[in-house]
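Report on the following structure.
Only the coordinates and a few stated rules stand behind these numbers; no lab work does. Quantities reported herein were computed from a predicted structural model and do not represent experimental measurements. Here the Cβ is made from the backbone with ideal geometry for all residues, glycine too, and neighbour counts use every protein chain on show.
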Amino acid sequence: MYIILVGAGDVSSFLIQMALESGHNVALIEQDEHLAQFALEQYDIRVFQASIGERDILREAGAEHADALIATTSDDATNLMAMFLGVEHTIPILISIVNERTHKGMFERLNAHVLVDPEAITARYLYRLLIAHRVEETLNLPGGETFFQTTLDSDSALIGYTPAGAHEEDVLPNTLLIVSLKRGDKYVVNPADDMTLEAGDQIIVFTPVQIDEDVLSLFRGS
């Protein structure tokens, strides 16, 4: 693929590295002289020091051969102009960061794929990493369901209950299903209704809901 990026920065740097590692060709359009020069020295790519609004810059960057145009700047007006020009040049794939959620519709009217509010997305990802540290292993299914493995702490609300009893007493929501249990050398699939949960039990849980702090606190305590 031949990819044209608009805007140098952290996002475009990662994109350039991944694209080059995958064997794609990349061109970068960047208005700032120092950022453009840095990219030229760092990567084996074509660099054009210019504003996206500069006449014929996309044509000079090879728009007629481009498979994708990606705008990554922090200015939605610049990104929107890039997408508009991408439409004019009939570039097949248009992708842009949208920094203000209220601007999303303008980009979508140009049939651009959008990444809205990247800071919020990053924050959510970091929070999921934080949650993941309290889960020993996870398996995410295509439909959004998850299997996760965790160990019952001594202050878990489930201690002393059977899996069925925990459901009946609404201690364990029906959206959380204990599918296996390991206690010492003993491994049980679908623990029996008379098997009481104990601290140290390693369990695998199936859930169709997102794993969050409330879910984990049932097993790991506060």
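Annotations
- Between helix 118-132 and the chain: long-axis angle, C-alpha atoms, 0 to 90°, nearest 10: 30
- Dipole of the chain [Lys/Arg +1, Asp/Glu -1 at C-beta], most positive-end residue of 160, 174, 87: 87
- Gyration tensor (alpha-carbon) shape descriptor, segment 10-129, a/c threshold 1.5: oblate
- For segment 189-222 and segment 35-87, distance of Cα centres in Å: 50
- The dipole here belongs to the chain: it is taken about the Cα centre, uses +1 on the Cβ of Lys and Arg and -1 on the Cβ of Asp and Glu, and is about 300 debye.
- Considering only 141, 80, 181, the Gaussian network model of the chain with Cα springs below 10 Å gives its largest mean-square fluctuation to 141.
- Low-density loop positions, GluC sites (Glu not before Pro), segment 139-193 - DSSP coil, at most 13 other Cβ in 10 Å: 145, 169
- Shape call, segment 131-220: gyration tensor on alpha carbons, a/c limit 1.5: rounded
- Residue-averaged [θ]222 nm for the chain, counting only DSSP H segments that reach four residues, each worth -39500 (n - 2.57): -9500 deg cm²/dmol
- Options [x] 22.8; [y] 16.3; [z] 14.5 - which one matches mean projected area of the Cα convex hull in nm² as calculated here: [y]
- Other residues within the sphere of radius under 12 Å centred on the Cβ of residue 5, judged by their own Cβ, net out at 0 (K and R +1, D and E -1).
- Dipole magnitude for segment 3-97: computed about the Cα centre from +1 point charges on Lys and Arg Cβ and -1 point charges on Asp and Glu Cβ, it is near 180 debye.
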